[in-house]
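Below is one structure, written out as structure tokens; comments come after it.
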4 protein chains.
Amino acid sequence: EREPPELGLIRKPAAFISIISDERGQELMYAGLRISDVFKENIGIGGVVSRLWFKRRLPAYATKFIEMVLMLTADHGSAVSGAMNSIVATRAGKDLISSLCSGLLTIGSRFGGALDEAAAIGIGHKIKSVNNADLRVELIKEFVIKNFPNHTLLDYALAVEKVTTAKKDTLILNVDGCIAVCFVDLLHDSGAFSRDEADEYIKIGTLNGLFVCGRSIGFIGHHLDQKRLRAPLYRHPADDIFINMQDMSQPRVLAKPA
Amino acid sequence: EREPPELGLIRKPAAFISIISDERGQELMYAGLRISDVFKENIGIGGVVSRLWFKRRLPAYATKFIEMVLMLTADHGSAVSGAMNSIVATRAGKDLISSLCSGLLTIGSRFGGALDEAAAIGIGHKIKSVNNADLRVELIKEFVIKNFPNHTLLDYALAVEKVTTAKKDTLILNVDGCIAVCFVDLLHDSGAFSRDEADEYIKIGTLNGLFVCGRSIGFIGHHLDQKRLRAPLYRHPADDIFINMQDMSQPRVLAKPA
Amino acid sequence: EREPPELGLIRKPAAFISIISDERGQELMYAGLRISDVFKENIGIGGVVSRLWFKRRLPAYATKFIEMVLMLTADHGSAVSGAMNSIVATRAGKDLISSLCSGLLTIGSRFGGALDEAAAIGIGHKIKSVNNADLRVELIKEFVIKNFPNHTLLDYALAVEKVTTAKKDTLILNVDGCIAVCFVDLLHDSGAFSRDEADEYIKIGTLNGLFVCGRSIGFIGHHLDQKRLRAPLYRHPADDIFINMQDMSQPRVLAKPA
Amino acid sequence: EREPPELGLIRKPAAFISIISDERGQELMYAGLRISDVFKENIGIGGVVSRLWFKRRLPAYATKFIEMVLMLTADHGSAVSGAMNSIVATRAGKDLISSLCSGLLTIGSRFGGALDEAAAIGIGHKIKSVNNADLRVELIKEFVIKNFPNHTLLDYALAVEKVTTAKKDTLILNVDGCIAVCFVDLLHDSGAFSRDEADEYIKIGTLNGLFVCGRSIGFIGHHLDQKRLRAPLYRHPADDIFINMQDMSQPRVLAKPA
Ligand SMILES: CC(C)(COP(=O)(O)OP(=O)(O)OC[C@H]1O[C@@H](n2cnc3c(N)ncnc32)[C@H](O)[C@@H]1OP(=O)(O)O)[C@@H](O)C(=O)NCCC(=O)NCCS
Ligand SMILES: CC(C)(COP(=O)(O)OP(=O)(O)OC[C@H]1O[C@@H](n2cnc3c(N)ncnc32)[C@H](O)[C@@H]1OP(=O)(O)O)[C@@H](O)C(=O)NCCC(=O)NCCS
Ligand SMILES: CC(C)(COP(=O)(O)OP(=O)(O)OC[C@H]1O[C@@H](n2cnc3c(N)ncnc32)[C@H](O)[C@@H]1OP(=O)(O)O)[C@@H](O)C(=O)NCCC(=O)NCCS
Ligand SMILES: CC(C)(COP(=O)(O)OP(=O)(O)OC[C@H]1O[C@@H](n2cnc3c(N)ncnc32)[C@H](O)[C@@H]1OP(=O)(O)O)[C@@H](O)C(=O)NCCC(=O)NCCS
């Protein structure tokens, strides 16, 4: 029953409310759009994300931007925390989903999800600098400036970057910072969200979700890679672990032993 | 030693080998393709998957098919195991990644990953039938027949379906079955894989990976949905759980108690 | 350099520091105690937790209290979020560890981990009351009052409970609240921790860890239970899910479609 | 409703059956035993595991053996796959449960769960040998020989070990093998299980569950350890990863590009 129950009937209240899709009818619906229309209208993966996360159609530049973020964040090598954990789990013989989840569970404020927390940390990079630009940042900037109706926050961030790079040339707008400010510009200025909706979507971690979706492609790639390589169980080298007994030799007062 | 060391230098053997991407240079590379070329050549998300999973460029119909699978499997309502667990975790107050992983960890032979295991289970559906076709299956068939150079396995599956539906009209080729056979057709006949490579990619769970990537969009959608709805902690109704003391009242011989 | 290198040798700095155990020698050590002494001294599981988490020997009443918490929190039926998710994953055919993790990932501020966040929520229960006491609370109180050298915080909580239950008889000290205040009493008054150490252990989620360890026994129990019952794939009943299309029918302004 | 419904009433069939515990009554019950009796009878953590997993009381030597396995498997240093992943997740800033699950998801046929799969792999060790015995194995053997009514399988394994160590002195019965055969002896000869029950409990991964429970103590210990050390984000050293472009330079035939 989707509509008000027919007169005289008492509907048991449902324990779950869901707004994102409906598989009960003749055709699967993504937030009101028929799956056949999903393809007829060629909304793409960006369009599917729009419907399932935002429950609305977004302008083409916005769905294109979403796809761009998924593609840009899909992988960043095997040294980062999440890829490493996916690889270690794979090498321990685990299945694709266990390996993926072992990696995903590292994503958070320090790795990947940084921008969810504060735009403030979007400045600065360990290696990249004014003279060694991060191509990913250039690609995003170029796309946004060309396609977005407004990019107030990006402009602001670039103005800040001018000040900070004058002090130190690695204090550039980094890829996390750039994606985040542009995504906020999108939410604010696409005309598809009220300001409250935009702010809520930022607050509940939507950006993090995009990163997670994108990087899942990479983590699964690392899993398949290690499986094809038949990589054996990994054990971290003993000489890279310092077992500090010092901390334990401090006298521990056991005032009232039983 | 995997690489000829420069004369006179002994390189420490690396504990990890990786073939999927390279972030060390001036530009991030996806299996040898520069990130800027990823966009210049407009390979799309299907193209990114091709490079990071298969380390090669696939024909356009193949990357399009990959995107189609991601879109078709992105969600199937909140009643299925994985969506339910993502929702329950979200309602317990958990973050996006915990909720997503709680859901992903249900995917396997019974939910989602069925086709990884045997093409044999690709026939039959609880609700759908000859007269109540699954639109998703129609969309896939149409695309594949129109675009794939060969679709031997799909043809075979459709021939089998003719036999089975003659017996019982729900014994149709289901969506899992259809995706799986078409994916095998792609691996076999795109010319991009040797038969051994194709078989290995099937064996190590690549199809499962596609489903996982697609459905992550849905699970994250459910998480954002419940968060926006401010859904409270869920507790399953007591009357839906039968606590069977019978099983315990059987006499347990404790022959040799200490 | 964390350790004085031997004369003339330069030791590579280790990337990892670890203080909890050492498996490199003739005998495995738990925070400095030989595994054979672990058994000779009969420190029990509470003693193992003490050494691996707190790196010290705790008085017998403290290790006994730790074991008591593990036993009391081991299970609370199948209706709670975590047990439900473990069961749903098991019924989707997943292995023990996937099912366990799917359940564990629901534990947090609303389910299980409540006390980590604020002692403030330790008062009140939906069913239990002054006249229908929670036996688990009684067991803890009895043990602590009899064995702890001090229980300042428990006394305080019981004084608060007197005030609150005078207003409403369900405003009792609940099991989370009781465990939490007693655990803080233990850290503060066992003589084994400085006040700073005690506060840090509370802050970093140690209590949550105890609950997780205890409840893992239950979640694994539910997994084994469902497997023995050969429970089939679960799908939540459609009539318990309200798919609200209303939310989507609101006009969405698409001011600047591309 | 636990009992047969009263005459004339039709009970809705429950979607879930559960046999392990009951929290609906005046007192929480663990497989039929009141929580107050759990403490009165002093069944210990081993007894709680017995009730929640096996739904029966086991002899004292059996519950003691269960506790012994939990204690022996609680930790084995930070170099193993699971500890490493817990540590890496912790250093990425993740919470206790995410870090724990990231570690647990590595446990399987190669790490920890080996004995679930085949008793056959219980022989052989990389470091330990006849002259450098694994103390853990000695502790288990001693306990079992002294306390178990029968230890047919252990005796057999020790006879096999005599043959294998005559060939090579590292081909000893390892700790996994020893725990596994003794656990099977327990299930077979305690008188508490029929042979079918015993075999089913082995088949569904009970031993793996014990290892998971025990090692959770260690993984949580590593999490708390790293948090107290304020360990920063870990990135694996670039020079330990060999990025093999060779594999990609092989000509890929793109026979039928679209
Ligand atoms: C592209 C992203 C694309 C970078 O991913 P990544 O390269 O795998 O991430 P890294 O692990 O390399 O971390 C990025 C950098 O921040 C640094 N960093 C992150 N957290 C840090 C911390 N707490 N302290 C110090 N440095 C930190 C890392 O050391 C790393 O530096 P490096 O690039 O020189 O190595 C990803 O982080 C990202 O930006 N995502 C944003 C997109 C998005 O949707 N994000 C969701 C929230 S914004
Ligand atoms: C589209 C898919 C698209 C279906 O997802 P879904 O609809 O959420 O899956 P469901 O939970 O509805 O399960 C599909 C059906 O199989 C049934 N099923 C699955 N395993 C079953 C089992 N072991 N016993 C009985 N029925 C089973 C389900 O009950 C369900 O029936 P229903 O559709 O009538 O409810 C997904 O399963 C799929 O097919 N993925 C294939 C694509 C892919 O890459 N797969 C990876 C491996 S093929
Ligand atoms: C024993 C404990 C033992 C209870 O576990 P549990 O019974 O499985 O937990 P429940 O899911 O039943 O939740 C406890 C109650 O709090 C209620 N609750 C929790 N969070 C809530 C929220 N945000 N809003 C409303 N009610 C909430 C639940 O509804 C439940 O009420 P109920 O008992 O009437 O059903 C466990 O919560 C606990 O207390 N652990 C404490 C021990 C410990 O180490 N805790 C770690 C941090 S304290
Ligand atoms: C004690 C246990 C106690 C060992 O745990 P652990 O020491 O952390 O395990 P490790 O990672 O060191 O692995 C054990 C050894 O087997 C080796 N090993 C495991 N799988 C391997 C594989 N597929 N190929 C080669 N070597 C393998 C490891 O390299 C390791 O050798 P090492 O001890 O010399 O380093 C644990 O494995 C165990 O035995 N559990 C058994 C108890 C139990 O309940 N098990 C559940 C199933 S038996």
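The numbers here are math on the coordinates, done by the rules we state, and not lab data. Every value quoted in this text rests on a predicted model; they were computed, and no experiment measured them. Here Cβ is always computed from backbone atoms with ideal geometry, including for glycine, and neighbour counts include all displayed protein chains.
Mean separation of Cα pairs under 8 Å and 6 or more residues apart, divided by the residue count, gives chain C a relative contact order of 23 percent.
In nanometres and ascending order, the distances from the D:Ser129 label point to those of the other copies are 5.3, 7.2, 7.2 (point 7 Å from Cα along Cα→Cβ). Between this copy and the others, label points of B:Asn42 are 1.0, 7.8, 7.9 nm apart in ascending order, each placed 7 angstrom from Cα in the Cβ direction. Just to be sure I follow the rule: in the range B:44-153, considering lysines 8 or more places apart or on different chains, how many pairs have Cα atoms under 30 Å apart? Lysine pairs meeting the criterion: 11.
What sits nearest the axis between copies D and C, counting only chain D Cβ atoms, is the residue and whole-Å distance D:Cys101, 2. Principal-axis analysis of the Cα atoms of chain B puts helix B:81-91 at an angle of about 80° to the longest axis.
Remark on B:Ser129: its backbone amide H falls under 5 Å from those of B:Asp134, a criterion applied only to residues 5 or more positions apart or on other chains, H modelled at 1.01 Å from N. Per-residue ellipticity at 222 nm from helix content only, as computed over the protein assembly as shown with -39500 (n - 2.57) for each DSSP H run of at least four residues, stands at -15000 deg cm²/dmol. Reducing the range A:218-232 and the range C:19-74 to their Cα centroids gives an inter-centroid distance of 37 Å.
Looking at the square roots a ≥ b ≥ c of the eigenvalues of the Cα gyration tensor of chain A, which shape do they give, rounded for a/c under 1.5, prolate if a/b is larger than b/c, or oblate? Please list the in-between numbers first.
On the way: a/c = 1.76, a/b = 1.27, b/c = 1.38.
Since a/c reaches 1.5 but b/c is at least a/b, the shape of chain A is classed as oblate.
Hey, what angle do you get for helix C:175-189 against the long axis of chain C, alpha-carbon based, 0 to 90 degrees rounded to 10? Taking the Cα atoms of chain C, the angle to C:175-189 is about 20 degrees. Pairs of Cα atoms nearer than 8 Å and 6+ residues apart set the relative contact order; for the range B:127-205 it is 36 percent. When the square roots of the Cα gyration tensor eigenvalues are ordered a ≥ b ≥ c, the ratio a/c for the range D:93-207 is 1.5 or more and a/b does not exceed b/c, which makes its shape oblate.
Expressed in Å, the radius of gyration and Dmax of the Cα atoms of the range D:12-90 are 17.1, 52. In the protein assembly as shown, the DSSP beta bridges split such that about 60 percent are antiparallel, to the nearest 5. Please work out whether the range A:42-166 counts as rounded, prolate or oblate from its C-alpha gyration tensor, where a ≥ b ≥ c are the square roots of the eigenvalues and a/c under 1.5 means rounded, while otherwise a/b larger than b/c means prolate and anything else oblate? It comes out oblate by the Cα gyration axes.
Angle of helix D:60-72 to the longest C-alpha principal axis of chain D, folded into 0 to 90 degrees and rounded to 10: 20°. Placing +1 on the Cβ of every Lys and Arg and -1 on the Cβ of every Asp and Glu, with nothing else charged, gives the range B:166-251 a dipole about its Cα centre of roughly 520 debye.
Shortest first, C:Leu233 label-point distances to identical copies amount to 3.2, 3.4, 4.0 nm, with the label point at 7 Å from Cα along Cα→Cβ.
For chain C, what is the charge dipole size about the Cα centre, in debye to the nearest 20, if Lys and Arg each add +1 at the Cβ and Asp and Glu each add -1 at the Cβ? Walk me through the numbers before you get to the answer.
On the way: 31 positive and 30 negative charges, 141 e Å.
In total the dipole reaches around 680 debye.
3J(HN,Hα) couplings calculated from phi for the range D:52-59 with the Karplus curve 6.51 cos²θ - 1.76 cosθ + 1.60 (θ = phi - 60°) are, in sequence order, 6, 9, 10, 6, 7, 7, 10, x Hz; Gly and Pro show x. A Cβ-based charge dipole, computed about the Cα centre of the range A:30-139 with Lys and Arg at +1 and Asp and Glu at -1, lands at about 200 debye.
When cysteine pairs in chain B are screened for C-beta atoms closer than 4.7 angstrom, the residues that find no partner are B:Cys178, B:Cys182, B:Cys213.
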